[in-house]
Amino acid sequence: MPNGALMNNHIINYTEEGKIRVDLTIGIAYDADIREAKRILTEVMQNDPNVLKDPAPAVTVAELGDNAVNLAVRPWCDPAVFWDVYFGTLENCKLALDAAGISIPFPQVDVHMIK
């Protein structure tokens, strides 16, 4: 980060304010409906009482990976419940995607035998 940005702007330390962001990456299949997956994952976070409403949780496309469309899933929480939110969000997102029929692909390799 350039020094000018640090010197000329306000920096908000959310941890000092009692907030911390959980960073998760969840991959979905390329043929999955991205908008639907984002809606489902956002709903999972909104239904968790440990996830803060402000700042709002976010789901964005982070990467078009080799095997999946990787979504950045980012809830905010109180630092005391960080690991509860981390593991709970991960599990609940998997369960919700499974229920909606949205697959989470695993790395695959195609092997071609030539005689």
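Just a few scattered comments:
- Residues of segment 60-86 satisfying the condition of being without any contact (Cβ under 8 Å) to a residue 40 or more places away in the chain, among the small types (Gly, Ala, Ser), touching a strand residue (DSSP E or B) at 6+ places or on another chain (Cβ under 9 Å) and not in a strand (DSSP E or B): 65
- Odd one out for residue 92 among (1) in a strand (DSSP E or B); (2) within 17 Å of residue 39 (Cβ to Cβ): (1)
- Single unsatisfied condition, residue 26 versus (1) outside any strand (DSSP E or B); (2) at pLDDT 95 or above; (3) of a type in the set (A, V, I, L, M): (1)
- Here the condition is being in contact with a Gly (Cβ under 9 Å, 6 or more places away or on another chain) and of a type in the set (D, E, K, R); of 98, 48, 84, it holds for 48 alone.
- All conditions in (1) charged (D, E, K, R); (2) modelled with pLDDT of 95 or more; (3) loosely packed, with under 14 Cβ neighbours inside 10 Å hold for residue 36, with the sole exception of (3).
- Qualifying residue in segment 99-107 (condition: surrounded by fewer than 11 Cβ atoms within 10 Å (Cβ to Cβ), part of a loop (DSSP other than H, G, I, E, B), modelled with pLDDT of 90 or more and touching a strand residue (DSSP E or B) at 6+ places or on another chain (Cβ under 9 Å)): no
The values are calculated or read from the model by the stated rules, or taken from the named source; none is laboratory data. It should be emphasised that the depicted structure is a prediction, and the values quoted were computed from it without experimental measurement. Here Cβ is always computed from backbone atoms with ideal geometry, including for glycine, and neighbour counts include all displayed protein chains.
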